[in-house]
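S.K.: My questions all concern the structure below.
The values are calculated or read from the model by the stated rules, or taken from the named source; none is laboratory data. Because the structure is predicted, anything quoted here is derived from the model rather than measured. With ideal geometry, Cβ positions are generated from the backbone for all residues, glycine too; neighbour counts draw on all protein chains shown. The protein model used for the area step is the full one, side chains on, heavy atoms only, and it has no ligands, DNA or RNA in it. Shrake-Rupley method; radii C 1.70, N 1.55, O 1.52, S 1.80 Å.
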Amino acid sequence: MGGNEIKYIQQAFDTNWIAPVGNNLLELEQDLEQYLQSSAQVTLLNSGTAAIHLGLVLLGVQAGDEVICQSLTFSASANPILYLKAIPVFIDSELETWNLCPIALEEAIVDRISKGKKPKAIIAVDLYGMPYQVEAVRTVADKYSIPILEDSAEALGSTYKGKKCGTFGDIAVFSFNGSKIITTSGGGVIITKEKSLKEKALFLATQSQDKGVPHYQHSEIGYNYRMSNISAGIGRGQMEVLNINLALRKKIHQFYINLFKDITGVTVFDAPTDDYCSNYWLTTIVIETSLTRGISREDVRLALLEENIESRPVMKPMHLQPLFKKFPYYGGNIASKLFENGLCLPSGSNLSKEECERIKTVILALFKEVA
Ligand SMILES: *Cc1c(COP(=O)(O)O)cnc(C)c1O
(Lines give C-alpha, C1' and ligand atoms only; values in the text may rest on other atoms or scores of the structure.)
Protein backbone atom coordinates (compact mmCIF):
# COMPACT_ATOMS: atom_id res chain seq x y z
CA MET A 1 0.00 0.00 0.00
CA GLY A 2 1.13 3.54 -0.66
CA GLY A 3 -0.52 5.12 2.37
CA ASN A 4 -3.22 7.31 0.84
CA GLU A 5 -5.57 4.38 0.26
CA ILE A 6 -6.90 4.81 3.81
CA LYS A 7 -7.59 8.48 3.16
CA TYR A 8 -9.86 7.68 0.22
CA ILE A 9 -11.57 4.88 2.16
CA GLN A 10 -12.19 7.42 4.93
CA GLN A 11 -13.80 9.74 2.36
CA ALA A 12 -16.24 6.95 1.49
CA PHE A 13 -17.11 6.58 5.19
CA ASP A 14 -17.35 10.35 5.73
CA THR A 15 -19.82 10.70 2.87
CA ASN A 16 -21.57 7.43 3.81
CA TRP A 17 -21.24 5.99 0.30
CA ILE A 18 -20.60 2.41 1.43
CA ALA A 19 -22.03 1.00 -1.76
CA PRO A 20 -21.18 0.23 -5.36
CA VAL A 21 -21.87 3.93 -5.98
CA GLY A 22 -19.84 6.99 -5.01
CA ASN A 23 -17.17 9.51 -5.73
CA ASN A 24 -14.18 7.16 -5.45
CA LEU A 25 -15.54 5.18 -8.41
CA LEU A 26 -15.85 8.28 -10.57
CA GLU A 27 -12.42 9.57 -9.55
CA LEU A 28 -10.65 6.26 -10.15
CA GLU A 29 -12.30 5.91 -13.56
CA GLN A 30 -10.98 9.36 -14.43
CA ASP A 31 -7.51 8.52 -13.12
CA LEU A 32 -7.41 5.44 -15.33
CA GLU A 33 -8.73 7.23 -18.40
CA GLN A 34 -6.02 9.84 -17.97
CA TYR A 35 -3.38 7.20 -17.43
CA LEU A 36 -4.29 5.34 -20.61
CA GLN A 37 -3.94 8.52 -22.68
CA SER A 38 -6.44 7.47 -25.30
CA SER A 39 -10.16 7.72 -25.88
CA ALA A 40 -10.56 4.79 -23.48
CA GLN A 41 -13.87 4.61 -21.60
CA VAL A 42 -13.24 2.97 -18.26
CA THR A 43 -15.84 1.13 -16.15
CA LEU A 44 -14.90 -0.32 -12.77
CA LEU A 45 -16.16 -3.80 -11.92
CA ASN A 46 -15.67 -6.17 -9.02
CA SER A 47 -13.23 -8.49 -10.83
CA GLY A 48 -11.24 -8.96 -13.99
CA THR A 49 -13.19 -12.13 -14.63
CA ALA A 50 -16.45 -10.15 -14.51
CA ALA A 51 -14.89 -7.72 -17.00
CA ILE A 52 -14.10 -10.54 -19.44
CA HIS A 53 -17.61 -11.93 -18.99
CA LEU A 54 -19.25 -8.57 -19.72
CA GLY A 55 -16.80 -7.98 -22.57
CA LEU A 56 -17.99 -11.13 -24.28
CA VAL A 57 -21.63 -10.14 -23.67
CA LEU A 58 -20.93 -6.72 -25.24
CA LEU A 59 -19.37 -8.44 -28.26
CA GLY A 60 -22.59 -10.39 -28.71
CA VAL A 61 -21.31 -13.84 -27.77
CA GLN A 62 -24.18 -16.27 -27.26
CA ALA A 63 -24.66 -19.95 -26.49
CA GLY A 64 -23.11 -22.13 -29.19
CA ASP A 65 -20.86 -19.39 -30.57
CA GLU A 66 -17.15 -20.06 -30.88
CA VAL A 67 -14.62 -17.81 -29.12
CA ILE A 68 -10.90 -17.99 -29.81
CA CYS A 69 -8.65 -17.83 -26.75
CA GLN A 70 -4.92 -17.98 -26.12
CA SER A 71 -4.19 -21.35 -24.53
CA LEU A 72 -1.25 -20.22 -22.37
CA THR A 73 -3.12 -18.13 -19.83
CA PHE A 74 -4.90 -18.15 -16.49
CA SER A 75 -8.24 -19.98 -16.48
CA ALA A 76 -10.10 -16.70 -15.87
CA SER A 77 -9.44 -15.76 -19.53
CA ALA A 78 -11.46 -18.76 -20.70
CA ASN A 79 -14.04 -19.50 -18.00
CA PRO A 80 -16.39 -16.67 -19.08
CA ILE A 81 -16.70 -18.36 -22.49
CA LEU A 82 -18.26 -21.30 -20.66
CA TYR A 83 -20.45 -19.01 -18.50
CA LEU A 84 -22.11 -18.04 -21.80
CA LYS A 85 -22.32 -21.65 -23.00
CA ALA A 86 -20.11 -20.69 -25.91
CA ILE A 87 -17.28 -22.88 -27.22
CA PRO A 88 -13.62 -22.00 -26.62
CA VAL A 89 -11.14 -22.62 -29.44
CA PHE A 90 -7.61 -22.59 -28.07
CA ILE A 91 -4.51 -21.28 -29.85
CA ASP A 92 -0.81 -21.91 -29.26
CA SER A 93 1.72 -19.21 -28.33
CA GLU A 94 4.66 -17.85 -30.29
CA LEU A 95 8.10 -17.72 -28.67
CA GLU A 96 8.72 -13.96 -28.87
CA THR A 97 6.02 -12.78 -26.48
CA TRP A 98 4.57 -16.15 -25.33
CA ASN A 99 1.17 -14.84 -26.45
CA LEU A 100 -1.29 -15.59 -29.25
CA CYS A 101 0.51 -16.99 -32.32
CA PRO A 102 -0.81 -15.05 -35.35
CA ILE A 103 -0.10 -17.98 -37.70
CA ALA A 104 -1.99 -20.54 -35.62
CA LEU A 105 -4.69 -17.92 -35.13
CA GLU A 106 -5.29 -17.56 -38.85
CA GLU A 107 -5.18 -21.34 -39.38
CA ALA A 108 -7.84 -21.72 -36.73
CA ILE A 109 -10.09 -19.01 -38.15
CA VAL A 110 -9.87 -20.46 -41.67
CA ASP A 111 -10.62 -23.96 -40.39
CA ARG A 112 -13.53 -22.88 -38.17
CA ILE A 113 -15.05 -20.94 -41.07
CA SER A 114 -14.66 -23.97 -43.36
CA LYS A 115 -16.49 -26.02 -40.71
CA GLY A 116 -19.37 -23.54 -40.88
CA LYS A 117 -18.80 -21.16 -37.96
CA LYS A 118 -16.90 -17.92 -37.86
CA PRO A 119 -15.52 -17.22 -34.36
CA LYS A 120 -17.30 -14.37 -32.59
CA ALA A 121 -14.29 -12.94 -30.74
CA ILE A 122 -10.56 -13.37 -30.12
CA ILE A 123 -9.22 -13.25 -26.55
CA ALA A 124 -5.60 -12.09 -26.73
CA VAL A 125 -3.65 -11.97 -23.46
CA ASP A 126 -0.72 -9.78 -22.36
CA LEU A 127 0.62 -12.65 -20.28
CA TYR A 128 2.97 -11.83 -17.39
CA GLY A 129 2.73 -8.21 -18.54
CA MET A 130 4.24 -8.76 -22.00
CA PRO A 131 2.20 -7.23 -24.83
CA TYR A 132 1.07 -9.71 -27.50
CA GLN A 133 2.08 -9.16 -31.15
CA VAL A 134 -0.36 -6.29 -31.41
CA GLU A 135 -0.05 -5.55 -35.13
CA ALA A 136 0.14 -9.11 -36.43
CA VAL A 137 -2.87 -10.20 -34.37
CA ARG A 138 -4.82 -7.10 -35.41
CA THR A 139 -4.08 -7.77 -39.09
CA VAL A 140 -5.55 -11.29 -38.85
CA ALA A 141 -8.54 -10.13 -36.79
CA ASP A 142 -9.37 -7.35 -39.25
CA LYS A 143 -8.95 -9.61 -42.27
CA TYR A 144 -11.83 -11.74 -40.97
CA SER A 145 -13.67 -8.91 -39.15
CA ILE A 146 -13.47 -10.54 -35.73
CA PRO A 147 -13.21 -8.26 -32.67
CA ILE A 148 -10.38 -8.60 -30.14
CA LEU A 149 -10.92 -8.77 -26.39
CA GLU A 150 -7.57 -7.83 -24.85
CA ASP A 151 -7.00 -9.57 -21.52
CA SER A 152 -4.60 -7.06 -19.94
CA ALA A 153 -5.34 -8.33 -16.43
CA GLU A 154 -1.62 -8.63 -15.73
CA ALA A 155 -0.38 -5.76 -17.90
CA LEU A 156 -1.34 -2.40 -16.39
CA GLY A 157 1.63 -0.15 -17.20
CA SER A 158 2.96 -2.21 -20.10
CA THR A 159 3.33 -0.59 -23.51
CA TYR A 160 3.73 -1.51 -27.16
CA LYS A 161 5.35 1.15 -29.37
CA GLY A 162 4.75 3.61 -26.56
CA LYS A 163 1.01 2.93 -26.32
CA LYS A 164 -0.49 1.40 -23.20
CA CYS A 165 -1.73 -2.16 -23.01
CA GLY A 166 -5.47 -2.10 -22.46
CA THR A 167 -5.97 0.18 -25.47
CA PHE A 168 -5.35 -2.38 -28.24
CA GLY A 169 -8.42 -4.58 -28.04
CA ASP A 170 -11.86 -3.54 -29.25
CA ILE A 171 -12.59 -4.21 -25.61
CA ALA A 172 -9.94 -4.66 -22.92
CA VAL A 173 -9.79 -5.58 -19.25
CA PHE A 174 -7.55 -5.05 -16.25
CA SER A 175 -7.61 -6.87 -12.93
CA PHE A 176 -7.06 -5.32 -9.51
CA ASN A 177 -6.88 -8.67 -7.75
CA GLY A 178 -4.57 -8.75 -4.73
CA SER A 179 -1.94 -10.51 -6.84
CA LYS A 180 -1.66 -7.87 -9.58
CA ILE A 181 0.67 -4.89 -9.96
CA ILE A 182 -1.79 -2.66 -8.10
CA THR A 183 -4.86 -3.85 -6.26
CA THR A 184 -8.24 -2.87 -4.88
CA SER A 185 -8.20 -6.17 -2.91
CA GLY A 186 -10.48 -7.51 -5.61
CA GLY A 187 -11.62 -5.65 -8.68
CA GLY A 188 -11.52 -5.24 -12.40
CA VAL A 189 -11.88 -2.80 -15.24
CA ILE A 190 -13.59 -3.02 -18.61
CA ILE A 191 -12.33 -0.61 -21.25
CA THR A 192 -14.46 0.25 -24.24
CA LYS A 193 -13.89 2.66 -27.08
CA GLU A 194 -17.33 4.26 -27.17
CA LYS A 195 -19.33 6.00 -24.49
CA SER A 196 -22.44 4.00 -25.48
CA LEU A 197 -20.62 0.74 -24.71
CA LYS A 198 -19.50 2.08 -21.35
CA GLU A 199 -23.13 2.89 -20.57
CA LYS A 200 -24.14 -0.59 -21.64
CA ALA A 201 -21.42 -2.16 -19.46
CA LEU A 202 -22.62 -0.14 -16.47
CA PHE A 203 -26.24 -1.13 -17.19
CA LEU A 204 -25.38 -4.85 -17.36
CA ALA A 205 -23.15 -4.61 -14.26
CA THR A 206 -25.98 -3.14 -12.16
CA GLN A 207 -28.70 -5.74 -12.83
CA SER A 208 -29.92 -4.37 -16.19
CA GLN A 209 -32.65 -2.19 -14.76
CA ASP A 210 -34.87 -0.73 -17.48
CA LYS A 211 -34.91 3.05 -17.46
CA GLY A 212 -37.99 5.24 -17.40
CA VAL A 213 -40.15 3.22 -15.00
CA PRO A 214 -40.45 3.69 -11.22
CA HIS A 215 -40.44 -0.03 -10.41
CA TYR A 216 -37.75 -2.64 -11.04
CA GLN A 217 -38.23 -3.81 -14.58
CA HIS A 218 -35.86 -6.05 -16.51
CA SER A 219 -35.78 -6.93 -20.19
CA GLU A 220 -32.28 -8.44 -20.22
CA ILE A 221 -30.16 -10.66 -17.99
CA GLY A 222 -28.40 -8.51 -15.41
CA TYR A 223 -25.25 -8.96 -13.36
CA ASN A 224 -24.08 -7.64 -10.01
CA TYR A 225 -20.60 -6.71 -11.16
CA ARG A 226 -20.02 -3.10 -10.09
CA MET A 227 -17.03 -2.29 -7.89
CA SER A 228 -17.60 -1.05 -4.35
CA ASN A 229 -16.84 2.60 -3.53
CA ILE A 230 -14.56 1.32 -0.72
CA SER A 231 -12.48 -0.76 -3.13
CA ALA A 232 -12.31 2.17 -5.53
CA GLY A 233 -10.84 4.20 -2.66
CA ILE A 234 -8.03 1.67 -2.36
CA GLY A 235 -7.55 1.94 -6.13
CA ARG A 236 -7.18 5.73 -6.00
CA GLY A 237 -4.34 5.37 -3.51
CA GLN A 238 -2.80 2.58 -5.56
CA MET A 239 -2.76 4.66 -8.74
CA GLU A 240 -0.43 7.04 -6.90
CA VAL A 241 2.14 4.25 -6.44
CA LEU A 242 1.76 2.55 -9.82
CA ASN A 243 4.91 4.13 -11.24
CA ILE A 244 6.86 3.25 -8.09
CA ASN A 245 5.71 -0.38 -8.38
CA LEU A 246 6.64 -0.45 -12.07
CA ALA A 247 10.17 0.73 -11.21
CA LEU A 248 10.47 -1.87 -8.43
CA ARG A 249 9.39 -4.70 -10.74
CA LYS A 250 11.88 -3.59 -13.34
CA LYS A 251 14.62 -3.64 -10.75
CA ILE A 252 13.68 -7.17 -9.70
CA HIS A 253 13.72 -8.22 -13.35
CA GLN A 254 17.22 -6.75 -13.71
CA PHE A 255 18.32 -8.63 -10.58
CA TYR A 256 17.31 -11.92 -12.23
CA ILE A 257 18.99 -10.99 -15.52
CA ASN A 258 22.24 -10.44 -13.63
CA LEU A 259 21.78 -13.59 -11.57
CA PHE A 260 21.27 -15.88 -14.55
CA LYS A 261 23.54 -14.25 -17.11
CA ASP A 262 26.38 -16.71 -16.55
CA ILE A 263 24.23 -19.79 -15.97
CA THR A 264 24.14 -21.82 -19.16
CA GLY A 265 20.75 -23.19 -20.12
CA VAL A 266 18.64 -20.70 -18.19
CA THR A 267 17.04 -17.79 -20.06
CA VAL A 268 15.22 -14.92 -18.42
CA PHE A 269 12.17 -14.16 -20.55
CA ASP A 270 12.44 -10.63 -21.92
CA ALA A 271 11.00 -8.34 -24.57
CA PRO A 272 11.84 -9.40 -28.14
CA THR A 273 12.46 -5.80 -29.33
CA ASP A 274 12.35 -2.25 -27.96
CA ASP A 275 8.77 -1.96 -29.22
CA TYR A 276 7.65 -4.14 -26.33
CA CYS A 277 7.77 -2.81 -22.79
CA SER A 278 6.57 -5.20 -20.10
CA ASN A 279 5.50 -4.08 -16.63
CA TYR A 280 7.48 -7.16 -15.47
CA TRP A 281 4.53 -8.22 -13.37
CA LEU A 282 6.31 -11.53 -13.02
CA THR A 283 9.81 -12.44 -14.09
CA THR A 284 9.96 -15.89 -15.64
CA ILE A 285 12.78 -18.17 -16.76
CA VAL A 286 13.03 -21.07 -19.15
CA ILE A 287 15.33 -23.95 -18.33
CA GLU A 288 16.83 -25.97 -21.16
CA THR A 289 17.53 -29.25 -19.37
CA SER A 290 19.90 -30.46 -22.09
CA LEU A 291 22.20 -27.50 -21.31
CA THR A 292 22.01 -27.61 -17.50
CA ARG A 293 23.28 -31.18 -17.11
CA GLY A 294 19.81 -32.28 -16.22
CA ILE A 295 18.74 -29.58 -13.77
CA SER A 296 15.06 -29.12 -14.54
CA ARG A 297 12.41 -26.54 -13.78
CA GLU A 298 11.21 -28.77 -10.93
CA ASP A 299 14.73 -28.99 -9.48
CA VAL A 300 14.88 -25.20 -9.32
CA ARG A 301 11.38 -24.92 -7.88
CA LEU A 302 12.05 -27.56 -5.20
CA ALA A 303 15.44 -26.08 -4.27
CA LEU A 304 13.73 -22.72 -3.68
CA LEU A 305 10.88 -24.39 -1.78
CA GLU A 306 13.40 -26.09 0.49
CA GLU A 307 14.30 -22.58 1.67
CA ASN A 308 10.63 -21.66 1.97
CA ILE A 309 10.75 -19.56 -1.21
CA GLU A 310 7.69 -19.88 -3.43
CA SER A 311 7.94 -20.06 -7.19
CA ARG A 312 5.46 -21.52 -9.66
CA PRO A 313 5.51 -23.31 -13.01
CA VAL A 314 4.45 -21.19 -15.99
CA MET A 315 0.71 -21.43 -16.72
CA LYS A 316 -0.54 -24.86 -17.68
CA PRO A 317 -2.13 -24.29 -21.11
CA MET A 318 -5.91 -24.40 -21.22
CA HIS A 319 -5.99 -27.12 -23.92
CA LEU A 320 -4.25 -29.45 -21.44
CA GLN A 321 -6.60 -28.68 -18.55
CA PRO A 322 -9.12 -31.37 -17.57
CA LEU A 323 -11.91 -28.77 -17.85
CA PHE A 324 -11.02 -27.63 -21.36
CA LYS A 325 -9.26 -30.48 -23.14
CA LYS A 326 -12.33 -31.57 -25.13
CA PHE A 327 -12.36 -28.24 -27.02
CA PRO A 328 -10.54 -27.55 -30.30
CA TYR A 329 -6.87 -26.53 -30.25
CA TYR A 330 -4.67 -25.13 -33.02
CA GLY A 331 -0.90 -24.93 -33.06
CA GLY A 332 2.07 -26.97 -31.94
CA ASN A 333 3.79 -27.54 -28.62
CA ILE A 334 5.19 -24.07 -27.80
CA ALA A 335 2.76 -23.41 -24.95
CA SER A 336 3.15 -26.91 -23.52
CA LYS A 337 6.98 -26.63 -23.66
CA LEU A 338 6.83 -23.27 -21.85
CA PHE A 339 4.73 -24.96 -19.18
CA GLU A 340 7.20 -27.82 -18.93
CA ASN A 341 10.37 -25.73 -18.74
CA GLY A 342 9.19 -22.33 -17.51
CA LEU A 343 9.19 -21.03 -13.95
CA CYS A 344 7.73 -17.82 -12.45
CA LEU A 345 10.10 -16.34 -9.90
CA PRO A 346 9.31 -14.26 -6.80
CA SER A 347 8.56 -10.81 -8.23
CA GLY A 348 6.50 -8.89 -5.67
CA SER A 349 7.07 -5.14 -5.48
CA ASN A 350 7.96 -5.58 -1.79
CA LEU A 351 10.68 -8.18 -2.38
CA SER A 352 13.53 -7.03 -0.15
CA LYS A 353 17.27 -6.97 -0.76
CA GLU A 354 17.73 -9.70 1.85
CA GLU A 355 15.13 -11.87 0.12
CA CYS A 356 16.89 -11.39 -3.21
CA GLU A 357 20.12 -12.50 -1.55
CA ARG A 358 18.42 -15.67 -0.25
CA ILE A 359 17.16 -16.47 -3.75
CA LYS A 360 20.61 -15.85 -5.19
CA THR A 361 22.25 -18.19 -2.67
CA VAL A 362 19.88 -21.06 -3.55
CA ILE A 363 20.28 -20.59 -7.30
CA LEU A 364 24.06 -20.32 -7.25
CA ALA A 365 24.39 -23.36 -4.96
CA LEU A 366 22.12 -25.47 -7.18
CA PHE A 367 23.91 -24.65 -10.39
CA LYS A 368 27.38 -24.90 -8.84
CA GLU A 369 26.82 -28.48 -7.77
CA VAL A 370 26.84 -29.62 -11.37
CA ALA A 371 29.28 -27.11 -12.81
C1 LIG B 1 -5.93 -12.28 -12.76
C2 LIG B 1 -6.31 -12.61 -14.14
C3 LIG B 1 -7.65 -12.58 -14.58
C4 LIG B 1 -8.81 -12.44 -13.65
O5 LIG B 1 -8.85 -11.32 -12.88
P6 LIG B 1 -9.61 -11.35 -11.46
O7 LIG B 1 -9.67 -9.92 -11.10
O8 LIG B 1 -8.78 -12.17 -10.54
O9 LIG B 1 -10.97 -11.93 -11.69
C10 LIG B 1 -7.91 -12.80 -15.91
N11 LIG B 1 -6.93 -13.05 -16.79
C12 LIG B 1 -5.64 -13.12 -16.42
C13 LIG B 1 -4.61 -13.39 -17.45
C14 LIG B 1 -5.29 -12.92 -15.08
O15 LIG B 1 -4.01 -13.00 -14.70
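S.K.: Taking N as the number of residues in the chain, what value does Rg over Cα atoms divided by 2.2 N^0.38 Å take? Can you show the working numbers first?
M.R.: Working: Rg = 21.3 Å, N = 371, 2.2 N^0.38 = 20.8 Å.
Cα-based Rg divided by the globular estimate yields 1.02.
S.K.: Using only DSSP helix segments of four residues or longer, with each worth -39500 (n - 2.57), what per-residue ellipticity at 222 nm results for the chain after dividing by its residue count and rounding to 500? Before the final figure, lay out each step's value.
M.R.: Values: 12 runs with 140 residues, N = 371.
Value at 222 nm, helices only, nearest 500: -11500 deg cm²/dmol.
S.K.: Whose amide H sits under 5 Å from the amide H of Thr283, counting only residues 5 or more places off or on another chain, with H placed in the peptide plane?
M.R.: Amide H neighbours of Thr283, under 5 Å, 5+ apart: Leu345.
S.K.: Hey, can you find the accessible area per residue of the chain for me, probe 1.4 Å, expressed in square angstrom? Intermediate values should be presented prior to the final figure.
M.R.: Values: 16550 Å² over 371 residues.
Ligands and nucleic acids excluded, the result is 45 Å² per residue.
S.K.: Give the lysines whose C-alpha is closer than 27 Å to that of Lys353, dropping any in the same chain fewer than 8 places away, or say none.
M.R.: Lys180, Lys250, Lys251, Lys261, Lys368
S.K.: Determine the dipole magnitude for the chain: charges of +1 sit on the beta-carbon of Lys and Arg, -1 on that of Asp and Glu, nothing else is charged, the reference point is the Cα centre, and the result goes in debye to the nearest 20. Could the numbers behind the result be given before it?
M.R.: Details: 36 positive and 41 negative charges, 93 e Å.
Using only the charged Cβ atoms, the result is roughly 440 debye.
S.K.: Which ³J(HN,Hα) values, rounded to whole Hz and listed in residue order, are derived for the stretch 245-251 from phi using the Karplus coefficients 6.51, -1.76 and 1.60 in 6.51 cos²θ - 1.76 cosθ + 1.60 with θ = phi - 60°, glycine and proline given as x?
M.R.: Listing the rounded values in order: 4, 4, 5, 5, 5, 5, 5 Hz.
S.K.: Given the C-alpha centroids of the stretch 222-236 and the stretch 93-146, what is the distance between them in whole angstrom?
M.R.: 31 Å
S.K.: So, one more: Take each of the peptides 28-38, 86-96, average the number of other beta-carbon atoms within 10 Å over its residues, and list them starting from the highest. Don't skip to the answer; put the middle values down first.
M.R.: Values: 28-38: 17.0, 86-96: 22.5.
Descending mean neighbour count gives 86-96, 28-38.
S.K.: A further question follows. Towards the positive end of the charge dipole of the chain, with charges on Cβ (+1 Lys, Arg; -1 Asp, Glu), say which of Cys69, Ser208, Leu56 has the farthest Cα.
M.R.: The one lying farthest along the dipole's positive direction is Ser208.
S.K.: Helix 134-143 versus the longest principal axis of the chain: what is the Cα-based angle in degrees, 0 to 90, to the nearest 10?
M.R.: Helix 134-143 and the main axis of the chain meet at about 50 degrees.
S.K.: Under the rule of at least 5 residues apart or a separate chain, name every residue whose amide H is placed under 5 Å from the amide H of Val125.
M.R.: Gln70, Leu100, Asp151
S.K.: What does the highest-first list of 157-164, 122-129, 351-358 look like by mean Cβ count within 10 Å?
M.R.: Peptide ranking by packing, descending: 122-129, 157-164, 351-358.
S.K.: I would also like to ask the following. Kindly rank 263-271, 41-49 from highest to lowest mean number of other beta carbons found within 10 Å of each residue.
M.R.: Ranking the peptides 263-271, 41-49 by packing returns 41-49, 263-271.
S.K.: Share of antiparallel DSSP beta bridges in the chain, in percent to the nearest 5? Please report the intermediate quantities before stating the final value.
M.R.: Values: 26 of 43 bridges.
Counting only bridges with both partners in the chain, antiparallel ones make up about 60 percent.
S.K.: Same structure again: Of Lys120/Lys163; Lys85/Lys326; Lys115/Lys143; Lys118/Lys198; Lys118/Lys143; Lys117/Lys193, which ones are farther than 20 Å apart at the Cα? It would help to have the intermediate numbers written out before the result.
M.R.: Working: Lys120/Lys163 26 Å; Lys85/Lys326 14 Å; Lys115/Lys143 18 Å; Lys118/Lys198 26 Å; Lys118/Lys143 12 Å; Lys117/Lys193 27 Å.
Going by Cα-Cα distance, Lys120/Lys163; Lys118/Lys198; Lys117/Lys193 fall outside the 20 Å limit.
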